[in-house]
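Below is one structure, written out as structure tokens; the observations come after it.
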Amino acid sequence: METALDVLSWITISGGLFFMLVGTIGIHRMPDVFTRLHAAGMTDTMGAGLLILGMCFQAGLGLVLVRLLFVYAFLLFTSPIATHALSRAALAGGVEPITVDHNDPHVSARQDGA
Amino acid sequence: MFIAATLGILVSMGLALLRALLGPTVYDRVMAVNIFGTKTVLLIAVLGFLTERPEFLDLAIVYALINFIGTIAVLKFFEYGDLGLTTRVGREAE
């Protein structure tokens, strides 16, 4: 940790790893396909973005920085398209999303049944 | 720093694979494989920084595209039953 760039790299890479782990744990805790897609989207945007930003601080000004920005641009464009296609396919394939019905007390999305 | 990033990404990849094994519907599994591919891209980039070889970033770019095309191809196969058809065959989720 000599320079300010190293400190910035540490902070952003730690933030990126935090979001990545939270998103991946969220995939296991969420009840439905559609809610899991939401947790996965957090992995793709915040986790990947902060990690690549942390690597950008380590790379000097040059071709490595341009390649890193290309990787980030491809991830930025392709992950929402894949999420949209997946949710459309899941809805057309017959997966019922979990909804909250306020008139029926037995159907609820909350854990305590409120 | 990059060793910690590599370990964190590997732990996340293991958890994503667990969802690919467990997921009740097939769309859970496709989503988990897509996430696994995105983390592979990041792992390749971090390994390029770890071993001080900037050529790994070209591999990361290529694999990001391949992962996306693979996910879309698998979804098209699930929706239409074949990769060449345009009408829905009527496949339901497992």
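Angle of helix B:2-22 to the longest C-alpha principal axis of chain B, folded into 0 to 90 degrees and rounded to 10: 20°. Take each residue of peptide B:53-65, count the partner chain Cβ atoms within 10 Å of its Cβ, and average: the result is 4.
Helical runs assigned H by DSSP (4 residues or longer) give chain B a calculated mean residue ellipticity at 222 nm of -26500 deg cm²/dmol, each run adding -39500 (n - 2.57) before division by the residue total. Peptide A:27-33 shows a mean partner chain C-beta count of 4 within 10 Å per residue C-beta. A Gaussian network model of chain A, with springs between Cα atoms under 10 Å, assigns the largest mean-square fluctuation among A:Gly49, A:Gly26, A:Gly94 to A:Gly94. For chain B, just say rounded, prolate or oblate: build the C-alpha gyration tensor, square-root its eigenvalues into a ≥ b ≥ c, call rounded for a/c under 1.5, and beyond that prolate if a/b exceeds b/c, oblate if not. Here chain B falls in the oblate category. Mean residue ellipticity, 222 nm, helices only, chain A: the sum of -39500 (n - 2.57) across DSSP H runs of n ≥ 4, divided by residue count and rounded to 500, is -23000 deg cm²/dmol. Sorted ascending by nearby beta carbons within 10 Å, beginning with the fewest, B:Ser12, A:Ser87, A:Ser9 become A:Ser87, A:Ser9, B:Ser12. For chain A, the longest principal axis of the C-alpha atoms and the axis of helix A:4-29 are separated by about 20°. Going from the residue with the fewest nearby Cβ atoms within 10 Å to the one with the most, B:Met13, A:Met55, B:Met1, A:Met20 rank B:Met1, B:Met13, A:Met55, A:Met20. Could you state the angle between the C-alpha long axis of helix B:26-50 and the longest principal axis of the C-alpha atoms of chain B, as a value from 0 to 90 degrees rounded to the nearest 10? The answer is roughly 20 degrees.
Panel note: the C-alpha atoms of the protein assembly as shown, placed on their principal axes, show extents of 60, 47, 24 Å (largest first).
Every read-out reported here was derived from the displayed coordinates using simple, explicitly stated rules and does not represent laboratory data. Quantities reported herein were computed from a predicted structural model and do not represent experimental measurements. Glycine gets a Cβ as well: all are built from the backbone with ideal geometry, and neighbour counts include every protein chain shown.
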